[in-house]
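For reference, the structure is listed below as structure tokens.
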Amino acid sequence: MELSNPIVLIIGGILLLAILYFWNKRNASNQKARRNRNFRSSYYERKKERDEKSKQ
């Protein structure tokens with residue numbers, strides 16, 4: 001089977017698009033999770049926990 005066969009090229013292209021789609025989807029969700037976990041909010045959460053521990 002030749003690599004220049006149109007059927008092989010079409011199937012390979014669809015497979016490549018599927019891989020890229022799912023890879024991009026995973027990276028986008030990782031970026032979103034990283035964006036949601038910013039320094040400011042985590043700092044205030046830790047500060048609140050420290051204040052609660054010191055009051056006890």
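The values are calculated or read from the model by the stated rules, or taken from the named source; none is laboratory data. Just so it is clear, the structure is predicted and the values come from calculations on it, not from any experiment. No Cβ is skipped: glycine too gets one built from the backbone with ideal geometry, and neighbour counts run over all protein chains shown. Heads up: the accessible areas ignore ligands, DNA and RNA and are worked out on the full protein's heavy atoms, side chains in. Shrake-Rupley method; radii C 1.70, N 1.55, O 1.52, S 1.80 Å.
Miscellaneous remarks
- A33 paired with V8, simple spin-label distance in nm, labels 7 Å along Cα-to-beta-carbon: 3.9
- Binning the C-alpha pair distances of the chain at 5 Å intervals from 0 yields a P(r) profile of 4, 16, 11, 10, 9, 8, 8, 7, 6, 5, 5, 4, 3, 2, 1 %, listed from the shortest bin outward.
- Cleavage-rule hits, GluC sites (Glu not before Pro), the chain, DSSP coil, Cβ neighbours within 10 Å at most 15: E2
- Solvent-accessible area per residue, Å², over the chain with all protein chains present [probe radius 1.4 Å]: 104
- Computed about the Cα centre, the dipole magnitude for the chain is approximately 700 debye when only Lys and Arg (+1) and Asp and Glu (-1) carry charge, each at its Cβ.
- Listed by chain and number, the lysines whose alpha-carbon sits under 28 Å from that of K47, ignoring those within fewer than 8 places in the same chain, are K32, K55.
- Mean Cβ count within 10 Å, highest first, over the residues of peptides 7-16, 32-41: 7-16, 32-41
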